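The values are calculated or read from the model by the stated rules, or taken from the named source; none is laboratory data. The shown structure was predicted, so the numbers you read here are calculated from the model rather than taken from an experiment. Neighbour counts are summed over all protein chains in view; Cβ atoms, including those assigned to glycine, are modelled from backbone coordinates with ideal geometry.
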Amino acid sequence: MYMSFMFRNGWLCQFLEEDLKTSPPRKVALGSQEKVREMARRGGAAMSLDVLQALDHGIEIGRGGIWLELSDEQYQKLRVR
């Protein structure tokens with residue numbers, strides 16, 4: 001699952017399936033940069049140095065995205081509004 005994030009009076013996170021076209025109905029609003037980082041960590045994002053740098057760069061410029069490795073339970077939560 002790909003998570004894109006954008007700052008608009010808070011952080012809006014949207015999700016896309018691996019085809020980068022199909023979007024589950026659920027979106028998530030987060031209140032801080034740290035919550036975006038926590039969402040990535042909890043979502044199973046590879047936390048290598050290059051991924052962390054890309055995540056931080058996206059946060060700095062107000063938009064970005066990261067690949068997640070969700071558990072079945074996490075995935076099902078995104079499928080429900």
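Take the conditions surrounded by 11 or more Cβ atoms within 10 Å (Cβ to Cβ), farther than 14 Å from Gln74 by Cβ and in contact with a helix residue (DSSP H, G or I) (Cβ under 7 Å, 6 or more places away or on another chain) and apply them to Leu12. Does it pass? Answer is no for this residue. Under the condition of being touching a Ser or Thr at 6+ places or on another chain (Cβ under 8 Å) and in contact (Cβ under 8 Å) with a residue 60 or more places away in the chain, the residues counted in segment 35-66 number 2.
Here are some residues: Ala40, Ala29. Which one is outside any strand (DSSP E or B) and either among the small types (Gly, Ala, Ser) or farther than 25 Å from Val80 by Cα (or both)?
Exactly one of Ala40, Ala29 is outside any strand (DSSP E or B) and either among the small types (Gly, Ala, Ser) or farther than 25 Å from Val80 by Cα (or both), namely Ala40.
For segment 46-69, a residue qualifies if it is of a type in the set (A, V, I, L, M), modelled with pLDDT of 95 or more and touching a helix residue (DSSP H, G or I) at 6+ places or on another chain (Cβ under 8 Å), and the qualifying residues are Leu55, Ile59, Ile66, Leu68.
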